[in-house]
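Note sheet for the following structure.
The values are calculated or read from the model by the stated rules, or taken from the named source; none is laboratory data. In this text the structure is predicted, and so the values were computed from the model without any measurement. Note: ideal-geometry Cβ built from the backbone for every residue, glycine included; neighbour counts use all protein chains shown.
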Amino acid sequence: MKEIYRTDNLSLENLGVMIININLETLISATSIFELDYEKTAYILYYDDFLMTYSDTITVDDAALMIQETPEHYKIISLNSETLFNVFGKIPGYEWNIIISVSYNSITEALSITQILWIFILISCIVIAMLLSTTLVKNLVRHLSLLVTKMRQFGNNSYAPENFEPIYKQREDEIGLLHNTFDSMVAEIDSLIEKDYKNELLNKEAQIKAMESQMDPHFLYNTLDSLNWTAKSLGASTISEVTIALANLLRVTLSSDTTHFTLQQEITTLNYYFTIQKMRYQKRLDYQINIPEDLWIYEIPKLTLQPLVENSIRYGFESIIDICHITINSRSEGQNIYIEVKNNGSSFEEDMLEKLLSNEIVPNGFGVGISNIHKRLQLTYGIEYGLTLLNQNNPLTGEEYAVVQIKIPKTIT
């Protein structure tokens, strides 16, 4: 309370008394954070031994006992068969003391709930971590198991990259690096095996098939040379010519050098072969070689055309008694060369090459040569190259022709 005086002209006339009433209980309750968090909160406000105010939930005797029992910090006390947690404090700027009392059971209940909540959160985190780690490990092991499966199949010679998911080609992590490196290694090993080992076997097989003999080449050369000079001495020019052609053909076929063989050398070999066959079939055999000279410089595997011409002659004369026409044509398209060996008197069964390669048709002489040459070309240049077997009809005569088409790249020695 305060008296109010008039200040005009310093008259100090008494105007009245101003009284301000404050509800201490409401004030303390509103400013107490415990009131919001716990039930059954009580307070005591006192100055020295003068009890200023206290909550209506306690009595005067209870307040006096709490002031006596509570030190200048905090203490747990028992009052009226109830356990209380008392906190002592001072109001800054005044000498007023305050004691806040909270039911200890409500604190323990709150702590218990908090403890249970934290235990639940901890267990949930552990379970989630285990699930995530298990999923991660399973995912990692799955990729590694797939890599082991690839290795086992490769060891059993049954590995096929197309049987596995191509997802690893887009992956740039360690798993993708492992799978892509393994696939590249397998492709490189297969390429080396195909080109260095199988190709060599096929080359040897082609030479053996062409000659069907293991006689000493020097013995053959010397024998044919003796026949040549004997024929010349007797004036038999045809025999001499055929003997020279046979000697040159044997020299090419028995030579162990299979590299840097050009179309020009292959044509020369064909001319030797045709010279020998012309002596046998005379006018019944007619042939033409139409390969431009500008293509002669390009490489071709040795003994590619000669076995095909041999097949054309053999099967051409089986079906006809007239002239067997054999034509060898070529054309250039971009970076590739196409050569066709065409003969009349025979035709190919539908999908003949595929059936030979899959062993659906058992090779009978010529089949070994065709499938062998096709494999050699693919091993040398790639799967997009090789042979194509087809039949053509002459629009004028209606006669059917068997055509073997060869596709090779332009490669210069």
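Condition first: of a type in the set (S, T, N, Q), surrounded by 12 or more Cβ atoms within 10 Å (Cβ to Cβ), closer than 30 Å to Thr114 by Cα and at pLDDT below 80. Can you find one or more residues in the stretch 57-73 that meet it?
Checking the stretch 57-73: at least one residue is of a type in the set (S, T, N, Q), surrounded by 12 or more Cβ atoms within 10 Å (Cβ to Cβ), closer than 30 Å to Thr114 by Cα and at pLDDT below 80.
Spot the failing condition for Ile321; the list is (1) within 20 Å of Tyr287 (Cβ to Cβ); (2) surrounded by 14 or more Cβ atoms within 10 Å (Cβ to Cβ); (3) not charged (D, E, K, R), and only one is missed.
(2)
Scan the stretch 254-268 residue by residue and report those that are closer than 19 Å to Thr380 by Cα, at pLDDT below 75 and touching a helix residue (DSSP H, G or I) at 6+ places or on another chain (Cβ under 6 Å).
Hit for the stretch 254-268 is Thr258, nothing else.
Regarding Lys150, is this residue at pLDDT 80 or above, basic (Lys, Arg), over 23 Å from Asp190 (Cβ atoms) and assigned to a helix (DSSP H, G or I)? Walk me through it before giving the result.
Working: at pLDDT 80 or above: yes; basic (Lys, Arg): yes; over 23 Å from Asp190 (Cβ atoms): no; assigned to a helix (DSSP H, G or I): yes.
No; evaluated as a whole, the condition is false for this residue.
So which pairs qualify, if the first residue must be in the stretch 334-354 and in the same structural domain as Ile373 (by TED's automatic domain parsing), the second must be of a type in the set (Lys, Arg), the Cβ gap must be under 7 Å, and the two must be at least 6 apart or on different chains?
What qualifies is Gln335/Lys410; Asn336/Lys407; Asn336/Lys410; Ile337/Lys410; Tyr338/Arg331; Tyr338/Lys407.
Restricting to the stretch 66-80, what's the tally of residues that are aliphatic (A, V, I, L, M) and more than 20 Å from Asn105 (Cα to Cα)?
Pass one, the stretch 66-80, residues aliphatic (A, V, I, L, M): 66-67, 76-77, 79.
Applying the additional criterion that residues be more than 20 Å from Asn105 (Cα to Cα) yields 67.
Matching residues across the stretch 66-80 total 1.
Taking the stretch 376-413 as the region of interest, how many residues are part of a helix (DSSP H, G or I) and over 18 Å from Phe261 (Cα atoms)?
Start the filter on the stretch 376-413 by keeping residues that are part of a helix (DSSP H, G or I), which leaves 376-381.
Retained after the next criterion (residues that are over 18 Å from Phe261 (Cα atoms)): none.
The qualifying residues number 0.
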